[in-house]
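The values are calculated or read from the model by the stated rules, or taken from the named source; none is laboratory data. Not measured: the values here are computed from a predicted model. Because the Cβ atoms are built from the backbone with ideal geometry, glycine has one as well, and the counts that use them run over all protein chains shown.
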Ligand SMILES: C[S@@+](CC[C@H](N)C(=O)[O-])C[C@H]1O[C@@H](n2cnc3c(N)ncnc32)[C@H](O)[C@@H]1O
């Protein structure tokens, strides 16, 4: 027998299902599009030639007790090479899931899974305070946008960049590197630049407080 009470519960169920479906319909695409927007890489994948990687690690003076972060790790070759060569720890960050898969394969191939982790993350959201060496192969403006995060690293930490300095959107230099070297890669027979900075970064145009030694004596 079908009672009026059953009709009430049936109606209530239909309304609840309808409400859940409506919320899902409107909210899910928003969440999905926000995630999709975050997933877009700021620069495409171009790997650093292996001999340039070796030079970058040498210029940064990587040692066993270093923690190397590669921001935009591509196929993971920089962190995997650092761990293999120096026995140091490292983390590679990339936003592209294809690169994450490739990086994990490289870590396995180099047999450095006990030292290296790979994380799918936007580099502009990574806490860099635990790294002692940062490796970059991005673009000048992207390097410049990382400055607030780099400033949180411990004094003496090193940043090494393949090809590019740190600039603002108009191309103005934001920092002065400690070293700038050139290398001709045997892999592509092309000249490459490598820049090195040490924390604290030397900012271009930053006011240095000048203290008059005579005034200091008086005070
Ligand atoms: C030029 S490749 C460098 C790869 C590697 N570091 C190397 O030198 O061989 C830049 C990498 O940065 C990644 N990337 C771009 N924007 C990113 C972002 N906002 N967060 C994380 N990774 C990003 C790209 O997916 C790409 O793999």
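Below are the figures for this structure:
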quantity: Hits in region 42-63 - residues which are part of a helix (DSSP H, G or I) and either within 15 Å of residue 131 (Cα to Cα) or away from the ligand (no atom under 11 Å from the Cβ) (or both); calculated: 51, 54, 55, 57, 58, 59
quantity: Out of 70, 66, sole residue that is more than 15 Å from the ligand (Cβ to nearest atom), at pLDDT 50 or above and surrounded by 15 or more Cβ atoms within 10 Å (Cβ to Cβ); calculated: 66
quantity: Some residue of region 25-38 being at pLDDT 95 or above, within 20 Å of residue 126 (Cβ to Cβ), surrounded by 10 or more Cβ atoms within 10 Å (Cβ to Cβ) and within 16 Å of the ligand (Cβ to nearest atom); calculated: no
quantity: Residue tally, condition in contact with a strand residue (DSSP E or B) (Cβ under 7 Å, 6 or more places away or on another chain) and in a helix (DSSP H, G or I), over region 148-198; calculated: 1
quantity: Qualifying position, being within 15 Å of the ligand (Cβ to nearest atom), surrounded by 18 or more Cβ atoms within 10 Å (Cβ to Cβ) and part of a loop (DSSP other than H, G, I, E, B), among 142, 138; calculated: 138
quantity: Residue match in region 95-115 (condition: assigned to a loop (DSSP other than H, G, I, E, B) and within 8 Å of the ligand (Cβ to nearest atom)); calculated: yes
quantity: Qualifying position, being modelled with pLDDT of 95 or more, farther than 30 Å from residue 189 by Cα, assigned by TED's automatic domain parsing to the domain that holds residue 153 and within 21 Å of the chain's Cα centre (by Cα), among 89, 101, 84; calculated: 89
